[in-house]
1. Kyte-Doolittle cut-off 0.5, length cut-off 24 Å along the helix's own axis using Cα: show which whole DSSP H helices in the chain pass.
2. Could you report the accessible area of M171 in Å², rounded to 10, computed with a 1.4 Å probe on the protein chains as they sit in the structure?
3. Within the range 120-156, list the trypsin sites (Lys or Arg not before Pro) lying in a DSSP loop whose Cβ has at most 15 other Cβ atoms in a 10 Å radius.
4. Roughly what would the spin-label model give for Y191 and N63, points 7 Å off Cα along C-beta, in nm?
5. Just the projected area, averaged over all directions, of the convex hull on the alpha carbon atoms of the chain: how many nm²?
6. Taking loop as defined by DSSP and a crowding limit of 10 other beta carbons within 10 Å, which GluC sites (Glu not before Pro) in the range 40-114 fit?
7. Could you pull out the pairs from K136/K165; K77/K210; K87/K204; K80/K220; K43/K100; K67/K87 whose alpha carbons sit more than 18 Å apart here?
8. Can you work out the PRE-style zone for N157? Point 7 Å along Cα to Cβ, and I want the residues of the range 94-132 with backbone N under 11 Å.
Amino acid sequence: IIIVAVIVLVYLFYPRINAIVSGEFNPQSFLQNRLADPINTAKTTLSQQGGYSAPEGFITYKNNHVKYLCYTSEYYKPCKVQQPLIKDNYEQEMQKLIQKDVESAMQELRSQYERRGYGVSQTGSIKTTIEIIPDKIIVHINSPLVVTKETSQTFDNFEVDYTSKMYFLLMTTTSIIDFESTYGDSETSLYIQYYPNLIIQKNKLDDGSKIYNVQDVTTKESFTFATRSLAWPAGLGLRETK
């Protein structure tokens, strides 16, 4: 009975065992899983601070340093845009935050191949770029890698992607900033009428600052930023939350 059981187990699991022994595994899937947590951590940090890991020109709100994306220190005047390329800046900041994780992941990928009996050679430095497009965050990793066993396989670069609504949130933010810099305020209810998956909270503070939180209800992703535009001296304005 024991011999028959062993034969059955070997028969059932042989393809999986053979794949492990022969070193057959998907480097894209490995990197995708390895970088998922660093991407989420970076996204949380940036999204709480107006797209910056270490913002300058910020207001402290709920223990976070929230970047002013549109600001004026004067009263009665619309703000001036502080960051015209919100999406581009977010991509660059995320790249800086995950670069060390990418380098570690590539070293782990190399070790995975070596444990499977492959010879591995890597040329040049590891370069990472982030691309945010509708419904995705894409990580491009430029790291030429040659793995050799019986034959050689060359990887010029790797690309992994994650489902995300961050593009939509950043584009909505850009639109709000345009209204703030032109008219001194924005009408958030207009966005919600056209985009039912969108929630926008606008908190007006006593100094004339506004804290915006833009959220997608399906993914729970959000983006928080600050403005100060068309501010009134204390006693002339009304504190309001929308």
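1. Working: long enough: 2-22 (27 Å, 2.12); 27-48 (32 Å, -0.64); 86-115 (43 Å, -1.47); 166-183 (25 Å, 0.67).
The qualifying helices are 2-22, 166-183.
2. Approximately 70 Å² for this residue.
3. In loop regions of the range 120-156 (DSSP not H, G, I, E or B), the sparsely surrounded trypsin sites (Lys or Arg not before Pro) are K149.
4. Here the modelled spin labels are 2.6 nm apart.
5. Details: hull surface 74.0 nm².
Taking the Cα atoms of the chain, their convex hull projects to 18.5 nm² on average.
6. Values: sites: E56, E74, E91, E93, E103, E108, E114; in loops: E56, E74.
In loop regions of the range 40-114 (DSSP not H, G, I, E or B), the sparsely surrounded GluC sites (Glu not before Pro) are E56.
7. Values: K136/K165 7 Å; K77/K210 14 Å; K87/K204 25 Å; K80/K220 30 Å; K43/K100 15 Å; K67/K87 14 Å.
Correct reply: K87/K204; K80/K220.
8. Once the point is set 7 Å along Cα→Cβ of N157, 127-131 turn out to lie under 11 Å by backbone N, inside the range 94-132.
The values are calculated or read from the model by the stated rules, or taken from the named source; none is laboratory data. Nothing here was measured: the structure is a model prediction, and the numbers come from that model. Using ideal geometry, Cβ is built from the backbone for each residue, glycine included, and neighbour counts are taken over all protein chains shown. With ligands, DNA and RNA removed, areas are computed over all heavy atoms of the protein, side chains included. Shrake-Rupley method; radii C 1.70, N 1.55, O 1.52, S 1.80 Å.
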